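Working notes, beginning with the structure itself.
The values are calculated or read from the model by the stated rules, or taken from the named source; none is laboratory data. It should be emphasised that the depicted structure is a prediction, and the values quoted were computed from it without experimental measurement. Cβ coordinates were reconstructed from backbone atoms using ideal geometry, including for glycine residues, and neighbour counts include every protein chain displayed.
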Amino acid sequence: MNFSIILPETFLFLWAILIFVSDFFTKEEKKANLGYLSLLGILVSIFLLFSTGQGELFGKVYSSDALSQFFKMVFLLSSFLTISVSIDFSSKIQRHKGEFFALILVSTVGMMLLSSARELIFLYVSLELVTIPLYVLAAYLKPDPKSAEAGLKYMLLGAISSAILLYGISLIYGITGTTFLNEIKTRLIVDYLQIGPIGSGLFLSFIFFIAGFGFKLALVPFHMWAPDVYEGAPTPVTAFLSVGSKAAGLVAFLRVFFDSFLVYNFDWVTIMATLAALSMIIGNIVALLQTNIKRMLAYSSIAQVGYILVGMVAISERGVSSVAFYTLAYLFANIGAFVVAIAFELQTGSSEIKDYSGLSRTSPILSLMMMIFLLSLVGIPPLAGFVGKYFLFAAAVEKNLIWLVVIAVLTSVISLSYYVGVLKEMYFRKNEEQVKIRIPLGIRIALLICIIGVILIGLFPNPFLDFASQAALVFKY
Amino acid sequence: MSEYILTLLVFIPVAGALLLLLVNGSNAGLLKSLAFMVSLLNFILSLYLYFNFDSLNPGFQFEINRVWIQNFGISYHLGVDGISLFLVLLTTLLSAIAILSSWSAIKEKVKEYMVTMLLLEAGMIGVFVSLDLFLFYVFWEGMLIPMYFLIGIWGGPRKVYATIKFVLFTMLGSIFMLVAILVLYFMNYNYTGQYSFNFTEILQLPIPLNAQVWLFFAFALAFAIKVPMFPFHTWLPDAHVEAPTAGSVLLAGVLLKMGTYGFLRFCLPLFPNAFMDMIPLFSILAVIGIIYGALVSTMQKDIKSLVAFSSVSHLGFVMLGLFALNMQGIQGGVLQMINHGISTGALFLIVGMIYERRHTRMIEDYGGIARVVPIFSIFFMIVALSSIGLPGTNGFVGEFLILLGAFNSRIIYAVLGAIGIILAAVYMLWMLQRVLFQTIKNEENKKLLDLNLREIIILIPIILLIFWIGFYPQPLLSKMEPAVKNLLEYVEQKSDSITSSSGECDKICEKAEESSITKEK
Amino acid sequence: MIGLNHYLALSALLFCIGIFGVLTRRNAIGILMSIELLFNAVNINFVAFARFINPQEITGQIFTIFVITVAAAEAAVGLAIIILIYRQHKGVEVDRVNIMKW
C-alpha cells in the first residue's frame, strides 16, 4: 500500500499534536508564534498535497483523487485564512490560545479525511472529527455567554444531525449489507432491477441522509441552528464554519450522492431542487431583515449553499465542476467578508451593520475590499462569484431547470439589496465618530489572499476550472 | 494597431483608474488633470476608429477574437461596426466632457470620484464593443457598480433611495437576460456541437419561433428597462435628479443608449421573427413613451427632472425608429441616439452649471436671467432648440428620419410621434421662457456670474457637433448605412428562412431535446 | 422466535423516544441523554443487521464500537459546554440560554 497519499493529513495531524504540546511550554505573550507555526504546517501540508499522487488506500476506504484534492485545497486554504486571522483575534481569548489553533488544525484534518472517504464508517468518524473540535471552538470565548450558547446549540444540533445521519447509514447498511460506497451502488442497482420501485426502508434512509446532510450544510428547513451559532461563535470560527465545514459537508454529500445513491431511480431532482429553492428564497429574504453582520452573513451563507445545490441538481459533470468551482470562489469572498468584519470587531467591538457607517472615509482600503467581497457574493462581474454563479446556472439551464435558475437569479437580486445595505452604510452615510481600523499583520495576509483570489478567479478562471472539471470526472453520471 | 485599438480603448481607463489609486488623495488638482488626460487620450484614440473606419465594409472592424475561458467557449471578442462606432465615439467624448465638467462641482472624495468615472467609461465602451455574449454581460452588469457609487456618494438628498431603485431595476432586468444567454448557449451547442458564447456564431442559429418569443422578452426586458421604455421608466427621473451632473450626463448620454443599442444589436438579428411580431406592441409603447414623457415634462417644476422626462420622450423616438424596421427608421434611430446623447448631455451640463451658482434647479427661482448671463443663455437656447429638433440642428435630422421611417411603416405612429415633437417644443420653450426671459423676480439672480472659460470649452465641441450633424450629417449616415443595410437584409433573410422552414426548426428542436434526454440517461 | 423485525421495531421505538425527548426536554442534560438514546437506537440497528443480514462479516459491530466511542467523545465535549453554561446561567435549562433569538 502506498501510504504516501495520506501524508498531508498525517503530517497535519502530527503538527496539530505538536501545537497542542508546545502550548504548555509557551509563554502567554508568545502564543502568537504558535499561530505562525500552524500556518507553516498548513503550507507544508499544501505542498505535500500537490506533491503526493492519487490512489486508494485501505481497500477503497480512502481514496485520494482529483475531487478530494480540490476540496483539500479548499479546506487548507480556509484553515490557513482562519488561523491567520485568529492570530490577531486571540487577544480576545483568555486562556489556551495555542489549543485554538491546534483545534482548527484537527478539524481541518477531519475535513481532509472526509473528502477522501469512500466508506461509511470512515466517513462518519471523519465527520465527527470535523465537528467535535468545532463545538469546542464555537464555545471558546468563555466569559461571553453568547459564545457558550453558540457552543451548546451547535453541539446539540450537531449531535442530533449525526444521529439522524447514522440512522440512515444503519438502514442503508441493513438493506445492502455493506458500508462501501461503490458496493452500495452495485447492490442498489441489483435491488432496483429485482424489486423495482423504492421500498420504505430505502426511502427512509434516503430521507435520513438528506436530513443529516441538510443539517450539516444548513439547508432550509434544517438551518435554524446556523444563525445563532454564527452570531455567537468567535468570528474566525464563524468564518471557518461557514466555509470549511460547509465544504466538508458538501463533499461528503457529493460522494454519497454521486458515488452510490444516484443510481437508484428516485426523484432526486425534485427533492434537491426544492431544497435549493427553499434555501435561496428563505436565506435571502431573512438576510434582508438582519442588523448584525455575522447574522446577515449566516443567512447569506444558507442562501449560498442553495446556489451550490443548483449545480448539484443538474446531475452532470458540468454541474459538479461548477459546484467545486463555486465553492472555491465562495471561499475567498465569504472568508474575506468575515475577515473585514473581524478587523472591524477587533477595533470597535461591534458587529452591527449600522456601526459601519462612514467607514469608507476612515478606512478606504478596507471598505473597498469589503465591497469587492460582497459584490462577489452577489455575483457581479468580473469577480469570482459571478463566474461561479454563471457556471452553476449554466449547468442547470443545460438540464432545462429554467424555473430553478429563474428563482436563483431573482433571489440574487434580493441578495443584492442586503449586501448593498452594508455598502450603503460604509459609503453613503456620514459618521464623524468613525474610527480608523488598524489592520494587524495576520489579517493583512488573509485579506490579501482573499482579494487576490476573488479577482484572479474572476478574470482568469481557466486553471481553476480545469482543476474543477478534473474533480468532476471522478464520478460517473 | 487596428486589432488592439479596442482593447486599448477599454483598458486605458482601467489603467488610468489604477494609476489614480496610487496618487495621494489630497492632491485634487493632480487627480483631476490625470483623469482628464486619460479620458482625453481615450477620446483621441477613438478618433483613430473614426478616421480608419472602412465605410464600405458592413461587417465588424477592428476585430479581436481570442480565447478567454476555454472550458466554456468564452472568447474575448471585440469589434465595431457602423452602428456601434458612433456610440463609442460618443462615450469617449462625453466621458472627457463629464470629467471636465465636474472640475469644481466635486469637492469631496475627488480620487474615488475620478476612479469611478474612469471605470464607468471602460464599462460603457466595453458594452458597445463586446461581441461575445458573456463578455457583453460582464460589462453590462459590471458597469452598474460605478454608476451605483456615482449616484450614491456624490448624489443629491434622496440618493440612497434613487441608487437602490436604479440598481434593483437594472439588475432585475438584466438577470433574465443572463438566463436567456445561457439558453442560447446550449441551443447553439445542440445545433452546432460547439460550446460558444461568440455573438457572430450564435447569430447563425435558427431559433424556432416559440423559443424566439421567450428569449426575445428576456433580452427585451433588460434593454427596455435600460432605455427606459414606458412603463419601466420610473427609475430614470429619480436617478437623474439625484445624480451629480456628470453622472446625469453619462446616464442620459450613454447608459440609456445601451438599451436601444441592445435592441438593435442583439434582439433584432437574434430573434428577427419575434422582433417583427412585437413591432405593434413596442411601437405603441414607444409612442406612449413619447407623449407621456413630453406631457409629464411640461408639468415639471425642476429643470433637471424636466430634462429627465424629456429623455423618456426622446428615447421613445429612438425606439419608434428602430421598430419601424426600415432603412430610414433605423438610421434615424441610431443618429438620434447620438443626438440625444449630445443634446441632453449638454442640457444636463447646463443645468449643472447653473445649479452650481444658485444651488436650486426650480424653474420658478429663475426668470429673466438672459440679461445677466448672456453667454449662458445663448448656449442654453441652442442646446434646447437642438433638443426640440429645430431644422439646422442635429435633432431635426434624427427625428425627421425616424418619422420618415415610421411613416413608411405605419402612418399612425408617425402622426402620434409628430405630436410628441410639438409637445417638446411646448415644454422646452415654455421652460426657456420662464428661466431666461420674463422679468427678474429674484434679487439673487442679478448677481449670477456668466460662464467661465472652462465651461465654455466644455460646451463648444457640443455646439459644433449640434450644427455639424444638423447641416451635414452625411459622414455619419454614410458610415452607418452599410451596416444598417446589411442588418436589414440579414434580418429579412433569416426571418424568411425560419418562417418557411419552421417545420424543420421544430425538428431541430425535437432532436435537441432528444439528445438532452438521452444524455440525461 | 425473535427476528430482525423485532430488533428494528425496538430501535425505531427507541429512536422515536429519543427524538421526542430532544424536542420536549428543557434541560440540556436531558437533551444530551435523549441524543444518547438516538445513538443507541442506531447501535441496535447495526448489531441486528450484522447478525441477520451478513453474519460472516462484522462491519456492523465495528461500526457500533466506533459510534459508542465517538458518542462518548461527543458527550465529553457536550458536558464540558454544559458546565460552562451552568457557570454562566446557574442552570442548564435551554430556555435560559437564549440570548439570541432562534
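From the list A:SER316, A:SER415, A:SER321, A:SER357, the one residue that fits, being more than 11 Å from every other protein chain (Cβ to nearest Cβ) and either buried (at least 24 other Cβ atoms within 10 Å of the Cβ) or more than 25 Å from B:TRP140 (Cα to Cα) (or both), is A:SER357. Among the residues of the stretch B:369-391, is there at least one that is among the charged types (D, E, K, R) and not in a loop (DSSP other than H, G, I, E, B)? Looking for residues that are among the charged types (D, E, K, R) and not in a loop (DSSP other than H, G, I, E, B), one finds none in the stretch B:369-391, hence no. Within the set A:VAL61, A:VAL44, the sole residue that is surrounded by fewer than 17 Cβ atoms within 10 Å (Cβ to Cβ), of a type in the set (Val, Ile, Thr) and in contact (Cβ under 8 Å) with a residue 12 or more places away in the chain turns out to be A:VAL44.
Restricting the search to helices (runs of 4 or more DSSP H) fully inside the stretch B:141-222 and requiring at least 3 residues that are facing chain A (nearest Cβ under 10 Å) gives B:144-154, B:159-192. For A:ALA247, are the conditions met, namely being crowded, with 24+ Cβ neighbours inside 10 Å and under 18 Å from A:GLN304 (Cα atoms)? Yes.
Looking at the stretch C:35-57 only, could you name the residues that are among the aromatic types (Phe, Trp, Tyr) and either more than 8 Å from chain A (Cβ to nearest Cβ) or assigned to a loop (DSSP other than H, G, I, E, B) (or both)?
Correct list: C:PHE52 only.
Here the stretch A:136-159 is the region considered, the condition is being under 18 Å from C:ALA72 (Cβ atoms) and surrounded by fewer than 24 Cβ atoms within 10 Å (Cβ to Cβ), and the residue that is nearest to the chain's Cα centre (by Cα) is A:VAL136.
Per-residue answers, yes or no, for (1) facing chain C (nearest Cβ under 7 Å); (2) over 15 Å from C:PHE46 (Cβ atoms):
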residue: A:SER116; (1), (2): no, yes
residue: A:ILE121; (1), (2): yes, no
residue: A:VAL125; (1), (2): yes, no
residue: A:TYR140; (1), (2): no, yes
residue: A:LYS146; (1), (2): yes, yes
residue: A:SER161; (1), (2): no, yes
residue: A:SER170; (1), (2): yes, no
residue: A:THR179; (1), (2): yes, no
residue: A:GLU183; (1), (2): no, yes
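Residues that are small (Gly, Ala, Ser) and more than 27 Å from the chain's Cα centre (by Cα) within the stretch A:160-216 comprise A:GLY174, A:GLY177, A:GLY196, A:GLY199, A:SER200, A:GLY201, listed in sequence order. Among the residues of the stretch A:434-463, which ones are under 21 Å from the mean Cα position of the chain (by Cα) and surrounded by fewer than 22 Cβ atoms within 10 Å (Cβ to Cβ)? Result: A:ILE445, A:LEU448, A:ILE449, A:ILE451, A:ILE452, A:ILE455, A:LEU456.
Reported count of residues in the stretch A:417-450, each being at pLDDT 85 or above and in contact with a Lys or Arg (Cβ under 8 Å, 6 or more places away or on another chain), is 1.
For the condition surrounded by 24 or more Cβ atoms within 10 Å (Cβ to Cβ), free of Cβ contacts under 8 Å to residues at least 40 places away in the same chain and β-branched (Val, Ile, Thr), what is the one hit in A:ILE169, A:ILE132?
A:ILE132
Every condition in (1) part of a helix (DSSP H, G or I); (2) facing chain B (nearest Cβ under 7 Å); (3) in contact (Cβ under 8 Å) with a residue 24 or more places away in the chain; (4) farther than 17 Å from A:MET272 by Cβ holds for A:PHE393 except the one numbered (4). Among the residues of the stretch A:273-293, those that are buried (at least 24 other Cβ atoms within 10 Å of the Cβ) and of a type outside the set (Ser, Thr, Tyr) comprise A:ALA276, A:MET280, A:GLY283, A:ASN284, A:ALA287, A:ILE293. When the residues of the stretch B:41-79 are filtered to those that are hydrophobic (A, V, I, L, M, F, W, C), exposed (fewer than 14 other Cβ atoms within 10 Å of the Cβ) and farther than 19 Å from B:ASN188 by Cβ, the one that is farthest from the other protein chains (Cβ to nearest Cβ) is B:LEU56. Residue pairs whose Cβ atoms lie under 7 Å apart, sitting 6 or more positions apart in sequence or on different chains, and linking a residue in the stretch A:223-238 that is within 11 Å of chain C (Cβ to nearest Cβ) and closer than 10 Å to A:ARG295 by Cβ to a partner that is of a type in the set (Phe, Trp, Tyr) and assigned to a loop (DSSP other than H, G, I, E, B), are A:ASP228/C:TRP102.
From the residues in the stretch B:451-474 that are farther than 20 Å from B:GLN336 by Cα and surrounded by 14 or more Cβ atoms within 10 Å (Cβ to Cβ), which one is nearest to the chain's Cα centre (by Cα)? In this case the residue turns out to be B:ILE458.
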